[in-house]
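This report refers to the structure that appears directly beneath it.
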Amino acid sequence: MAQMVTVEIESIAAGGDGVGRSNGLVIFVPRTAPGDLVTARIAGKGNFARGSLRTIARPSPDRIDPACPHYTRDRCGGCQIQHITYEAQLRAKQRIIHDAIQRIGKRDIGNPEIRPSPEEWRYRTKLTLAMKRTPGGQWVAGLHKYDDPSRIFALSDCPISDRRVVAAWRDILAYSALFPGSQPLRGSVRITPEGPVFTLIGAMRFPRAAELFEAVPTLAALWWENDEGARKLLYDRRPRRGGRTPAASFSQVNEAVAATLRAYVMSLVSKRAARTIVDAYSGSGDTAVALAQLGASVTAIELDADAAEWCAARLPEGSKSIRARVEDALPSALPADAVILNPPRAGVDARVAEILEQSSPSPGLVIYVSCNPATLARDISRLPGYRVESLVAFDMFPQTSHVETVCELVPGDAA
């Protein structure tokens, strides 16, 4: 049964909710800040409850007015902590990482260093929106409400996204009558060196794709991923010479922080003088190529076909790109001096940790790049033969609760 409580918020949880305690109950309240004294309506079972903010009896010194109108007016779920200062955001992310590594990973660490983003706004070079059709037949593109994920609102601007991304979305939506009729749909705009690329996600037929591409001459390319997950490049204005970046494959959305993080990873490898390297979950291969150009022999492993092919095209002789699941290809890629793991949010397959633990000789260095502190901590716990040598966080995603972490692991006592 729902009830009203007054609670002081102590910290920010991994998903961005404020956390407080009342009569032995741990309460999660979105849109609150450490130091807030709030009244919340709560419901839950056992020792945990989720609340909805009703009033702020005493605001935190870290609380600020959100810069984006959608954040408050439309309860946008794209950002989670825009209501607190940037310095407080960084402290919250440090604590999220620290708590995960200690509670889940069972490793004793201090607060990790966290490196801020050069830009707190307009840093995203990719924006994916959900799309729905109104009763009048018009398409609306937007984000989900944080307290009602089944609903989306029409997005007029996204202040954490590059203005070129927002402009491309506006150009595309002007011709949304050319979209497939089936719904729901999603769409993604990514900025590439050749210009914006649009990927339409959904439907089993896209009969007016050519018309859409012609109607929006600013687009560099048009991709389509159907309801069965098959992805295809439909039209492309980019020059063929020198190859094409795989614009529909995964890449980091904050280019400045991604470059800093990649340089840091390379410095860790160089410090150990690693000559043979496995770059697992290598994506389009930017790190693999950079390490190979320094003289290392690199084996890049990536499941995405377009990304693996682009990596292979750029690797020098003596290095190679393998299209495979990491857990399937890693045994034949070892032994190696260093292994880089950069998995998606779900973390690595349990077999990857098992392979690394059983490898003889063991890699002298494992660098784990993570966008999810919880799965990073879980995977560290699966590597008892390695200790945490260093852990540095990079704020890839200001205004959100997400954070990128680089964990340096070396053989030795896990404790």
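What follows draws every value from the coordinates through simple rules; no lab data is involved. Just so you know, these numbers come straight off a predicted model, no measurement behind them. Note that we place each Cβ from the backbone using ideal geometry, even for glycine, and neighbour counts take in every protein chain shown.
Sort Ser319, Ser332 so that the residue with the fewest other Cβ atoms within 10 Å of its own Cβ comes first and the one with the most comes last.
Ser332, Ser319
Just to be sure I understand the model, the point goes 7 Å from the Cα along the line to the Cβ. What's the resulting Glu228 to Glu317 distance in nm?
Reported label-point gap for Glu228 and Glu317 is 4.2 nm.
Can you list the residues, at least 5 places off or on another chain, whose amide H is less than 5 Å from the amide H of Gln80, using H built in the peptide plane?
Residues meeting the amide H criterion: Thr400, Ser401.
From Cα pairs below 8 angstrom and at least 6 apart in sequence, can you work out the relative contact order of the range 1-155, rounded to a whole percent? All intermediate terms of the calculation are to be shown ahead of the outcome.
Numbers: 275 pairs, mean separation 24.2, N = 155.
Reported relative contact order: 16 percent.
What FRET efficiency comes out for Glu87 versus Thr128 if R0 is 41 angstrom and r is the Cβ-Cβ distance? Round to the nearest 0.05. Please list the in-between numbers first.
Working: r = 29 Å, r/R0 = 0.70.
For R0 = 41 Å, the calculated efficiency reads 0.90.
Rounded to whole Hz and in sequence order, give me ³J(HN,Hα) for the range 362-377 from the Karplus expression 6.51 cos²θ - 1.76 cosθ + 1.60, θ = phi - 60°, writing x for Gly and Pro.
Result, ordered by residue: 6, x, x, 8, 10, 10, 10, 9, 10, 9, 9, x, 5, 6, 4, 5 Hz.
With label points built 7 Å along Cα→Cβ from the Cα atoms of Lys45 and Ser182, find their separation and express it in nm.
Going from the Lys45 label point to the Ser182 one covers 3.6 nm.
Among Arg237, Arg31, Arg208, which one shows the highest mean-square fluctuation when the chain is modelled as a Gaussian network with alpha-carbon springs under 10 Å?
Sorting by GNM fluctuation, first place goes to Arg208.
Please find the FRET efficiency linking Lys106 to Met204, where r is the Cβ-Cβ separation and R0 is fixed at 30 Å, and quote it to the nearest 0.05. Each step should come with its number before you reach the end.
Numbers: r = 47 Å, r/R0 = 1.58.
Rounded to the nearest 0.05, the efficiency is 0.05.
What number comes out for the charge environment of Ala57, summing +1 per Lys or Arg and -1 per Asp or Glu over other residues with Cβ under 11 Å away?
Working: positive: Arg54, Arg58; negative: Glu8, Asp36.
Summing Lys and Arg as +1 and Asp and Glu as -1 gives 0.
Using helices alone, what [θ] at 222 nm do you get for the chain, with -39,500 (n - 2.57) per DSSP H run of 4 or more residues, divided over all residues and rounded to the nearest 500?
Values: 10 runs with 102 residues, N = 415.
After summing the helix terms and dividing by the residues of the chain, the value is -7500 deg cm²/dmol.
If I stretch the segment between Thr72 and Ala259 completely, what's the gain in nm (0.36 nm per residue apart, minus their alpha carbon distance), one decimal? The partial results should precede the final answer.
On the way: separation 187, 0.36 × 187 = 67.32 nm, distance 3.24 nm.
So the chain would gain 64.1 nm between Thr72 and Ala259.
Please work out the C-alpha center-to-center distance from the range 152-185 to the range 1-79 and express it in whole Å.
The range 152-185 and the range 1-79 have Cα centres separated by 31 Å.
Around Val140, under 10 Å between beta carbons, what's the net of Lys plus Arg minus Asp minus Glu among the other residues? Show your work: numbers first, answer last.
Working: positive: Lys132, Arg133; negative: none.
Counting the neighbours of Val140, the net charge comes to +2.
If you plug each phi of the range 204-217 into the Karplus form 6.51 cos²θ - 1.76 cosθ + 1.60 with θ = phi - 60°, what whole-Hz ³J(HN,Hα) values come out, in order, with x for Gly and Pro?
3J(HN,Hα) across the range 204-217, in whole Hz: 10, 9, 9, x, 10, 4, 4, 5, 5, 5, 5, 6, 10, x.
Order by neighbour count: Glu302, Glu354, fewest other Cβ atoms within 10 Å first, most last.
Values: Glu302 30, Glu354 13.
Taking fewest neighbouring Cβ atoms as first place, the list is Glu354, Glu302.
Assign one of three labels to the range 160-273, namely rounded, prolate or oblate, based on the Cα gyration tensor with a ≥ b ≥ c the square roots of its eigenvalues; rounded applies when a/c is under 1.5, prolate when it is not and a/b is larger than b/c, and oblate otherwise.
The shape class here is prolate.
Compute for the range 266-378: radius of gyration divided by Kirkwood radius, i.e. Rg/Rh, restricted to C-alpha atoms, rounded to two decimals.
Working: Rg = 12.9 Å, Rh = 13.8 Å.
Here Rg/Rh amounts to 0.93.
Counting other C-beta atoms within 10 Å, which of Thr55, Thr128, Thr199 has the fewest, and how do the rest follow?
Values: Thr55 10, Thr128 15, Thr199 21.
Lowest to highest Cβ neighbour count: Thr55, Thr128, Thr199.
How much net charge surrounds Gly18 when only other residues with a Cβ under 15 Å from its Cβ are counted (Lys, Arg +1; Asp, Glu -1)?
Numbers: positive: Arg21, Arg31, Arg41, Arg50, Arg54, Arg58, Arg63, Arg91, Lys93, Arg95; negative: Glu8, Glu10, Asp17, Asp36, Asp62, Asp99, Asp147.
Summing Lys and Arg as +1 and Asp and Glu as -1 gives +3.
Can you tell me how much longer the chain between Arg275 and Ala167 gets when fully stretched, taken as 0.36 nm per residue apart minus their C-alpha distance, in nm with one decimal? Walk me through the numbers on the way to the answer.
Working: separation 108, 0.36 × 108 = 38.88 nm, distance 4.47 nm.
That works out to 34.4 nm of additional length.
If you build a Gaussian network model of the chain, linking Cα atoms that sit under 10 Å apart, which residue out of Gly46, Gly318, Gly20 swings the most?
Comparing Gly46, Gly318, Gly20 in a Gaussian network model of the chain, the most mobile one is Gly46.
Using a Gaussian network for the chain with springs between C-alpha atoms less than 10 Å apart, which of these wobbles most: Leu25, Leu53, Leu185?
Evaluated over the chain, the most mobile residue of the options is Leu25.
Calculate the tail of P(r) for the range 1-62: the fraction of all Cα-Cα distances greater than 19 Å, expressed in %. Write out the running numbers ahead of the final one.
On the way: 313 of 1891 pairs.
When every Cα pair of the range 1-62 is considered, 17 percent fall beyond 19 Å.
Which of rounded, prolate, oblate describes the chain, given a ≥ b ≥ c as roots of the alpha-carbon gyration tensor eigenvalues and a/c under 1.5 marking rounded, otherwise prolate only if a/b is larger than b/c? All intermediate terms of the calculation are to be shown ahead of the outcome.
Values: a/c = 1.99, a/b = 1.06, b/c = 1.89.
Note, shape of the chain comes out oblate.
Between Ala174 and Glu194, what is the FRET efficiency for a Förster distance of 25 Å, r being their Cβ-Cβ separation, to the nearest 0.05? Spell out each step's value before the answer.
Details: r = 21 Å, r/R0 = 0.86.
Efficiency computed from Cβ-Cβ geometry: 0.70.
Gln358 versus Asp99, label points 7 Å from Cα toward the beta carbon: distance in nm?
Placing both labels 7 Å beyond Cα along the Cβ direction yields 3.6 nm.
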